[in-house]
Amino acid sequence: MASDKDPKDPYLERIRQLKPGQLESALASFKRLLDHKTVANLQSCVNCGLCADSCHYFLVTGETEAIPAYKLKLVTSVFRKLLSLLGGLARGSEGDGALDSQMVEKWIDSLYGRCTLCGRCTLNCTMGINITRLIRIARTTLASIDLVPPGLQSTVTTAVEKGNNMGIPREEWLDTLQWLSEELQMEVGDHKAHLPVDKPGTKLLYTVNPREPKFFPLSLLATAKIFYAASESWTVSSDYYDVTNYGLYSGDDGAAGLLSSRLRESMVELGAKTLILGECGHGYNSNRWEAPEWLVAEDKFQVKSIIQIIFDYIRQGHIKLDPSRIQKRVTLHDPCNLVRLGGIIEEQRFILRNAVTDFVEMSPNREKNYCCGGGGGQLSMTRYAKRRLETGRIKADQIRKTGAKIVVTPCHNCIDQLSELNREYDLKVEIKTVSEVVADALVIEKKEK
Amino acid sequence: MSHLDVSGKKLMLNEEGFLIDPNQWDRQVAEVLAKAAEGIDKLTPEHWAVIEFIRNYYLETNLAPMVRSICKTTGLPLRRIYELFPAGPAKGACKIAGLPKPDGCV
Ligand code: SF4
Ligand code: SF4
């Protein structure tokens, strides 16, 4: 396969032909995003360089453009220039941080193209600078002049326009649910078992990643089986059921808020008690932690991850598991958005210790875990696919060292990246969601008729 | 971006190996993409049933079909689809059928 330079990349053309008015408008957006915390963060870097080794991009490539402090500096230099224009006395305010098309190109290449917003640099920064948030502020600035890389933008657009990020038509979603109900009935031997749709007044409203109904429905079937075993009162919505929110990654707060508010609409319409976010790291972070910043109204209900629900089922004896069914060695990948940025850390470990015989940790793990390389919207930004696979090497090495045959992760975005790494690095592992492993170990008791 | 040469025709592929111009697709192109994407040397009638359905569905609707429709139309069980296309319905089957990369977490 030969490699070519793309003669005319419409996206690059748009960057190079930016009009002064657009750049001014971007700078104005950037200025609006500067609150006191951000300003303090932008002035705190002491150039110690300790963040470099925390970033999987730098560890693999050794490139300057991959160092978190370099990425931070791209943002800081624009800030300093802005401050000097405003007459402030920032350190080194003379700088070369004009937000021109060259700077925009650098921003895009490093802040979209070499960052998964994984938060690992923030955890390791000497000064406690929230580097990840500053990178997202730059993305928000770029989004304000419509410069989100194409695949990431189209995923947001599809979600906004079609109600889910894969553009699944309503009838097809319903048809798939019907099909899964039939499969569930066969698996549990109960003709009453089914996946309830638009059922009013249930305890839980469940949300899924659209790639489940579209291409990988076994994970949804697995969750339905767990709900069945626990005799749960639950439903999905026929309209807004998409747990993902690529607005978190694109930086577009307007779109992000709209997508999160739709799940709230489903909650209100159906009168469910708790909003349950399916196995999706960024879906959890955006809908649980970020959404309150984007939304106007305050939630009157709880928002939880399905992992917390399964954890409770096991702890309270609502489901019974037989770990002896899974003898192969199992390891766990911690999705950055669920673990380091989301705070759900021990539940999935407790679940696995109950569901399998031989569970081993990767090293490092929990909030110190490395990103799989697929976050931050990277899966959708085809132009950076080579970097994504290359930087996934850190994760591939971590997996190989465990000697595991099954890698479990509570995130569909991670699942897709891990599946590619599996082929690219010939890991010979199976990749599963938490629900899938739990469903495999599930002991279904005959229900009283 | 890269390219593949198929009997004198130059096929442009994106960084993930998806055909940039879906109109360049034909059965011979599918064979070449199958080799590149999945390492499949020879597409079997089962592969073709899936590929042709995806292709026709895409030409009619501009979308990739649900895996549910693929199973229903071809009569193949879900697990068989995953065996036939280990890279999955999107990065395997749809790619070989010459579709652009679907949006979302794939
Ligand atoms: S957030 Fe993660 S990917 Fe981005 S710079 Fe920091 S460590 Fe690197
Ligand atoms: S660790 Fe923090 S203070 Fe040190 S160079 Fe990196 S961003 Fe700057």
| request: Using the Karplus curve 6.51 cos²θ - 1.76 cosθ + 1.60 with θ = phi - 60°, work out ³J(HN,Hα) for each residue of segment B:38-50 in order, rounded to whole Hz, and write x for Gly and Pro. | output: 10, x, 7, 7, 9, 6, 8, x, 5, 4, 5, 4, 5
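Given the pairs A:K203/A:K447; A:K71/A:K386; A:K214/B:K9; A:K214/B:K72; A:K273/A:K304; A:K214/B:K91, which span a C-alpha to C-alpha distance of over 22 angstrom in this model?
Details: A:K203/A:K447 20 Å; A:K71/A:K386 20 Å; A:K214/B:K9 33 Å; A:K214/B:K72 14 Å; A:K273/A:K304 11 Å; A:K214/B:K91 13 Å.
Flagged as over cut-off: A:K214/B:K9.
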| query | How far is it, in nm, from the label point at A:I345 to the one at B:K10 when both lie 7 Å from their Cα along the line to the Cβ? | reply | 5.5 nm
| task | Using a cut-off of 9 Å between beta-carbons, work out the net charge of the residues near B:P102 (Lys and Arg +1, Asp and Glu -1, B:P102 not included). | result | +2
| note | A 1.4 Å probe over the protein heavy atoms gives segment A:10-147 a carbon and sulfur accessible-area percentage of 54 percent
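If R0 is 25 Å, what FRET efficiency do you get for A:V443 and A:Q302 from their C-beta distance, rounded to 0.05?
On the way: r = 29 Å, r/R0 = 1.15.
After rounding to 0.05, the efficiency reads 0.30.
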| request: Working from Cα positions, state the angle (0 to 90°, nearest 10) between the long axis of helix A:253-270 and the longest principal axis of chain A. | output: 20 degrees
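Just to be sure I understand: if you take the accessible area of chain B alone plus chain A alone and subtract the pair, with a 1.4 Å probe, what total do you get in Å², rounded to 100?
Values: alone 6060 and 19660 Å², together 22540 Å².
Approximately 3200 Å² gets buried when B meets A.
Report the extension gain between A:V60 and A:E390 in nm, rounded to one decimal, defined as 0.36 nm multiplied by the number of residues separating them, less their alpha carbon distance. The partial results should precede the final answer.
Numbers: separation 330, 0.36 × 330 = 118.80 nm, distance 0.73 nm.
Contour length minus Cα-Cα distance gives 118.1 nm.
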| note | Taking every DSSP bridge whose two residues both lie in segment A:320-443, the antiparallel percent to the nearest 5 is 20 percent
| When the gyration tensor of segment A:10-147 is built from Cα positions, what are the square roots of 5 times its three eigenvalues, in whole Å, from largest to smallest? | 23, 19, 12
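Accessible area per residue for segment A:161-315 in Å², computed with a 1.4 Å probe and the full protein assembly in place, what is it? Each step should come with its number before you reach the end.
Numbers: 5510 Å² over 155 residues.
Per-residue accessible area for segment A:161-315 comes out at 36 Å².
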| note | With R₀ set to 35 angstrom, the calculated FRET efficiency between the beta-carbons of A:D53 and B:I20, to the nearest 0.05, is 0.40
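Can you flag which of A:K225/B:K35; A:K328/A:K395; A:K432/B:K10 are past 27 Å Cα-Cα? Walk me through the numbers on the way to the answer.
Working: A:K225/B:K35 37 Å; A:K328/A:K395 20 Å; A:K432/B:K10 38 Å.
Exceeds cut-off: A:K225/B:K35; A:K432/B:K10.
Below 8 Å between Cα atoms, with a sequence gap of 6+, how large is the relative contact order for chain A in percent?
Working: 767 pairs, mean separation 65.8, N = 449.
Worked out over chain A, it gives 15 percent.
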| task | Quote the relative contact order of chain B in percent (integer), defining contacts as alpha-carbon pairs under 8 Å separated by 6+ residues. | result | 28 percent
| request: Send over a whole-number figure in Å² for the accessible area per residue of segment A:10-147, probe 1.4 Å. | output: 45 Å²
| query | Points 7 angstrom from Cα along the Cβ direction at A:Q327 and A:H194: gap in nanometres? | reply | 4.0 nm
| message | If I take R0 = 35 Å and measure r between the Cβ atoms of B:K42 and A:Y11 in this structure, what FRET efficiency does the formula 1/(1 + (r/R0)^6) give, to the nearest 0.05? | response | 0.40
| Rounded to a whole number of µm²/s, how large is the Stokes-Einstein D of segment A:161-315 at 10 °C and 1.306 mPa s, given Rh as the Kirkwood radius over C-alpha pairs? | 101 µm²/s
| Considering only the other residues whose Cβ falls under 14 Å of the Cβ of A:A52, what net charge follows from Lys and Arg at +1 and Asp and Glu at -1? | +1
| said: Debye calculation, C-alpha points only, no solvent: report log10 I(q)/I(0) for the protein assembly as shown at q = 0.08, 0.10, 0.13 Å⁻¹, in the same order as the q values. | reply: -0.53, -0.84, -1.41
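The values are calculated or read from the model by the stated rules, or taken from the named source; none is laboratory data. Predicted, not measured: the structure shown is a model, and the values here were computed from it. Every residue, glycine as well, gets a Cβ built from its backbone with ideal geometry; the counts of neighbours run over all protein chains shown. Accessible surface is based on the protein model in full, side chains and every heavy atom, while ligands, DNA and RNA are left aside. Shrake-Rupley method; radii C 1.70, N 1.55, O 1.52, S 1.80 Å.
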